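To start, the structure itself, in structure tokens.
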Amino acid sequence: MATGFSDFDVSSVILRQYSNSPKIVNMANLLWQAVSPSEFIDDFYTNIWDVSTANTYGLNIWGKIVNLSRTMEYSDTNLYFGFREAELEVTTTTDPQPFSTYPFFDPSLNTDGRVVLSDDYYRKAIMMKAMANISDCTVPKMNAMLMYMFSDSGNAWVQHDGPMAMSYRFDFTPNTPELAIIQNGNILPRPAGCVVSYIFETN
């Protein structure tokens, strides 16, 4: 990273009548070496300012800036026996299942909890939140955000479902951090006045 400080020439700021004085030039160089902020600025940029390289402390600062906690809640719903009438048009991971495959509904098997995002997931969540803050919420922009966030896990896209209705669709089963990010209402953008649903499709 070029900050301009590493290549700074002290002689360029010494008045011309003193520029040939070895003692003054040497004193100015020694002073600059003692107070030069170049190393500090490089470390600050790498570890805090640049989100793509920020360490844990830097990401926590960015989390405060975009108002996004590292600890997120999630709700993991299991599959249960049910009837066809309850199925959605698109097969999803929460559709009712046939006989001899899954048990009757048992709320004790559902998992509600909290997860602390790792630096990699938190970094992506911060970028998603920042993009959502400035997005115009068009389908191409939201699809680009989903590709950035979930490209390592599978396909994710936005579908227009009718007037003032849309859905986020995923063709993979998200892990716990991804599920917490999806269910966090402050990350994936929600166009004003639009009803949003989240569909997890199965092959």
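The values are calculated or read from the model by the stated rules, or taken from the named source; none is laboratory data. Note that the structure is predicted; figures quoted are calculated from it, not measured. Reconstructed Cβ throughout: ideal geometry from the backbone, glycine too, with neighbour counts over all protein chains shown.
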- Message: Tell me yes or no: at least one residue of the range 44-52 is in contact with an Asp or Glu (Cβ under 7 Å, 6 or more places away or on another chain) and modelled with pLDDT of 85 or more.
- Response: no
- Please specify each residue of the range 172-203 satisfying the condition of being buried (at least 19 other Cβ atoms within 10 Å of the Cβ) and small (Gly, Ala, Ser). Ala180
- Task: Tell me, yes or no, whether the range 157-171 has at least one residue that is closer than 29 Å to Thr53 by Cα, surrounded by fewer than 15 Cβ atoms within 10 Å (Cβ to Cβ) and not β-branched (Val, Ile, Thr).
- Result: no
- Message: Step by step: first the residues of the range 176-197, then only those that are hydrophobic (A, V, I, L, M, F, W, C) and not in a loop (DSSP other than H, G, I, E, B), then the one that is farthest from Val66 (Cα to Cα). Which residue is that?
- Response: Val195
- Message: For the range 165-192, which positions are under 19 Å from Ser118 (Cα atoms), of a type in the set (S, T, N, Q) and free of Cβ contacts under 8 Å to residues at least 40 places away in the same chain?
- Response: Asn175
- Task: Filter the range 41-65 for residues that are outside any helix (DSSP H, G or I) and either free of Cβ contacts under 8 Å to residues at least 40 places away in the same chain or more than 12 Å from the chain's Cα centre (by Cα) (or both) and give the result.
- Result: Asp50, Thr53, Ala54, Asn55
- Item | Scope the range 39-73; condition basic (Lys, Arg) and exposed (fewer than 12 other Cβ atoms within 10 Å of the Cβ); matching residues | Lys64
